[in-house]
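Student: Once you've had a glance at the structure underneath, I'll fire off some questions.
The values are calculated or read from the model by the stated rules, or taken from the named source; none is laboratory data. These figures come from a predicted structure and were not determined experimentally. Cβ placement follows ideal geometry from the backbone for every residue including glycine, while neighbour counts extend to all protein chains displayed.
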Amino acid sequence: MPEKKDDDIRIGVFVCHCGSNIAGYLDVEAVADFAETLPHVAFVQRNLYTCSEGGINEIKSAIKEQNLNRVVVASCTPRTHEPLFRSSCEEAGLNPYLFEMVNIRDQCSWVHMQEQEGGTVKAKDLVRMGIAKAALLEPQDPIMSAVEARALVIGGGVAGMTASLALANRGYEVVLAEKNDTLGGALNRLNKLGPTMTDAAKFAQEKIDAVSGHPKITIFTRAKVTSVQGFIGKYRADIDTDTGTKNIDLGVIVVATGARALVPERLYGYDGQRVITQEEMEGLLKAGLDPAVKHVVMIQCVGSRNDERPYCSRICCQTAVKNAMLIREKNPEARVTILYRDMQMYGVENEEMFRDSKAKGVRYINYDPSRPPAVDGEKVDVYHALLGRDMNLPAELVVLSTPLVSNEDAEEISRLLRVPVDENGFFLEGHVKLKPLDFATDGVYLCGSARFPANIREAVAQGLGAAGRASIPLSKGSVVVEPIISVLADEDACRGCGLCVALCPYGALEIRETDKGRKVHVIDVACKGCGVCAATCYQHALSINSFTDEQLEAQIDAFLGAG
């Protein structure tokens with residue numbers, strides 16, 4: 001494509017009011033008037049909501065009527081809205097990568113609410129820089145890659161089995177790898193599933209039978225994924241099994257490795273006999289609770305919501321209420337008391353179960369974490385904040401509600417798949433609202449308690465959701481990757497040192513032997529354009545499309561020349 005002359009560059013600038021989000025704190029009219037004075041700007045327009053249907057149509061119309069060949073939108077975060085504006089440009093016949101977005105909401109109005117004049121000056125600077133970069137943008141073509149129509153699901157609990165069935169029922173081959181002897185995960189250790197009181201063993205067996213009998217699902221138990229190479233559509237995994245290592249080509253991966261219940265060593269006299277966990281209580285109820293047990297005390301938030309584990313495990317309260325009701329059902333004479341800090345009973349049915357438990361005689365006592373309960377022989381001492389006095393509760397059985405914690409192999413899987421975990425060891429989704437079941441790494445998805453403690457209903461829902469997300473590239477047969485990636489801009493400058501390869505977080509670089517010697521090669525489908533390699537290369541051989549040195553220098557010059 002012939003290089004465009006400066007005189008041919010026509011930039012359209014659209015400044016968004018975003019209701020009062022931006023216009024309430026910045027002088028939007030002044031920002032728009034300022035944009036009109038900048039080089040290459042052929043058209044400027046203010047919109048109440050640029051991302052609305054009306055705002056989008058105005059961009060499309062301006063591109064055609066004003067013969068625009070670059071578009072700059074000054075509004076909110078590109079993280080959420082850039083794809084929308086790019087697609088709008090494309091619909092109007094403009095290459096979507098000739099679009100630049102300037103974030104004057106998050107970076108100006110929201111952080112300078114009390115400084116309208118200063119915030120407006122900053123917004124002008126950002127718009128000036130965005131226009132300087134836009135003038136140097138070049139058209140880009142999307143990258144296409146074929147997808148292997150097979151999925152790997154790691155973890156055979158309820159979330160993993162649900163995801164496997166959902167994918168297999170859509171006609172895709174699924175490889176299910178479970179590290180234990182049998183499928184089922186935590187379901188195998190449960191008695192009843194609240195709030196419906198469904199039999200856990202029956203529910204688990206139905207799932208296992210459905211997975212085991214499905215012709216599209218291959219199951220490996222006592223299996224461990226030891227290596228994963230590649231990128232979305234073209235992964236290759238090594239799975240160690242009893243019959244040797246299996247090498248499997250895959251298109252997508254679903255992580256459903258679950259979590260484990262904390263064993264509360266050295267807390268409240270835990271011994272696994274008289275002082276037990278809720279998980280062990282499930283086993284007692286399944287086997288048949290001793291009718292001689294007349295007094296049961298349950299203590300909530302054991303080992304969680306503290307300095308070591310500041311999070312709430314969410315499902316402990318539901319489990320305690322369910323088991324308390326089952327104890328009362330088996331032995332109506334038993335007195336069950338739950339000592340709690342806060343009751344986390346979200347959802348209409350869980351709230352109803354909570355109310356029913358009170359009606360059936362389960363007692364609740366709120367305790368202050370600064371004065372926690374104490375287990376003393378066959379009694380539990382607790383300060384009753386409402387009554388303002390200490391109480392001594394008889395207890396033949398003390399049940400501790402402990403949190404779910406991440407599995408011990410979470411870090412290993414994290415490194416294997418190059419996906420992150422949070423400070424508590426749970427896998428970290430790409431975005432809590434926009435990508436709750438996706439990793440930042442394309443083609444890898446997550447569900448169930450591997451993500452964060454989830455009850456059975458949530459694990460099933462997330463398993464279905466992850467399967468739905470994973471089936472998108474499988475059904476298309478190919479993926480389109482954004483071309484804002486690393487490129488070897490100067491092959492002669494590359495020394496083949498491999499430093500960029502070692503630092504790439506996505507495994508998107510490799511060293512190849514060429515006619516010119518050792519040179520880096522970019523696996524374009526795997527690259528995320530993070531810029532680590534370009535910033536690392538001391539020879540400046542690598543560059544990032546749409547973030548070239550020339551473009552960034554133009555932005556800096558525009559800012560420094562403001563004075």
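Student: Here are A493, A541, A466: which of them is over 29 Å from R451 (Cα atoms), touching a helix residue (DSSP H, G or I) at 6+ places or on another chain (Cβ under 7 Å) and small (G, A, S)? Walk me through it before giving the result.
Tutor: Numbers: A493 fails: touching a helix residue (DSSP H, G or I) at 6+ places or on another chain (Cβ under 7 Å); A466 fails: over 29 Å from R451 (Cα atoms).
Sole residue among the options that is over 29 Å from R451 (Cα atoms), touching a helix residue (DSSP H, G or I) at 6+ places or on another chain (Cβ under 7 Å) and small (G, A, S): A541.
Student: Now for a different question. So which residues in segment 280-296 are outside any helix (DSSP H, G or I) and surrounded by fewer than 13 Cβ atoms within 10 Å (Cβ to Cβ)?
Tutor: Hits for segment 280-296 are G288, D290, P291, A292.
Student: Would you tally the residues in segment 460-519 being touching a residue at least 40 places away in the same chain (Cβ under 8 Å) and not charged (D, E, K, R)?
Tutor: 31
Student: What single numbered condition from (1) under 20 Å from E117 (Cβ atoms); (2) assigned to a loop (DSSP other than H, G, I, E, B) fails to hold for D33?
Tutor: Single failed check for D33: (2).
Student: Moving on to the next point. Find the residue count for segment 190-203, including only residues that are among the charged types (D, E, K, R) and touching a Lys or Arg at 6+ places or on another chain (Cβ under 9 Å).
Tutor: 2
Student: Only one of these conditions is not met by I413: (1) in a helix (DSSP H, G or I); (2) of a type in the set (V, I, T); (3) in the same structural domain as S304 (by TED's automatic domain parsing). Which number is it?
Tutor: Result: I413 fails condition (3) only.
Student: Step by step: first the residues of segment 419-450, then only those that are at positive phi and either in contact with a strand residue (DSSP E or B) (Cβ under 7 Å, 6 or more places away or on another chain) or in a loop (DSSP other than H, G, I, E, B) (or both), then the one that is surrounded by the most Cβ atoms within 10 Å (Cβ to Cβ). Which residue is that?
Tutor: Applying the filter and picking the extreme gives G443.
Student: Another one. Return yes when L187 is surrounded by fewer than 24 Cβ atoms within 10 Å (Cβ to Cβ), on the phi < 0 side of the Ramachandran plot and assigned to a helix (DSSP H, G or I) and no when it is not.
Tutor: yes
Student: Same structure again: Does P453 satisfy the condition of being in a loop (DSSP other than H, G, I, E, B) and in contact with a helix residue (DSSP H, G or I) (Cβ under 9 Å, 6 or more places away or on another chain)?
Tutor: In short, yes.
Student: I've got another one for you. Taking the conditions exactly as written (in the same structural domain as V121 (by TED's automatic domain parsing), of a type in the set (V, I, T) and in a strand (DSSP E or B)), does V71 satisfy them or not?
Tutor: The answer is yes for V71.
The rows are residues; the columns are (1) modelled with pLDDT under 95; (2) touching a Leu at 6+ places or on another chain (Cβ under 6 Å).
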position: L509; (1), (2): yes, no
position: D515; (1), (2): yes, no
position: V520; (1), (2): no, yes
position: V525; (1), (2): yes, no
position: H540; (1), (2): yes, no
position: I556; (1), (2): no, no
position: A562; (1), (2): yes, no
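Student: Among the residues of segment 152-170, which ones are over 21 Å from R236 (Cβ atoms), crowded, with 24+ Cβ neighbours inside 10 Å and not β-branched (V, I, T)?
Tutor: G156, G157, A159, M161
Student: How many residues are more than 24 Å from P483 (Cβ to Cβ), assigned to a loop (DSSP other than H, G, I, E, B) and not aromatic (F, W, Y) if we restrict to segment 91-136?
Tutor: 6
Student: What's the total number of residues in segment 404-424 that are over 18 Å from I232 (Cβ atoms), among the aliphatic types (A, V, I, L, M) and touching a residue at least 40 places away in the same chain (Cβ under 8 Å)?
Tutor: 3
Results for (1) at pLDDT 95 or above; (2) closer than 29 Å to R260 by Cβ; (3) under 34 Å from the mean Cα position of the chain (by Cα), shown as yes or no for each residue.
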position	(1), (2), (3)
D290	no, yes, no
A320	yes, yes, yes
G347	no, yes, yes
F354	yes, yes, yes
R389	no, no, no
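Student: Give the number of residues within segment 513-531 that are under 22 Å from the mean Cα position of the chain (by Cα) and of a type in the set (A, V, I, L, M, F, W, C).
Tutor: 4
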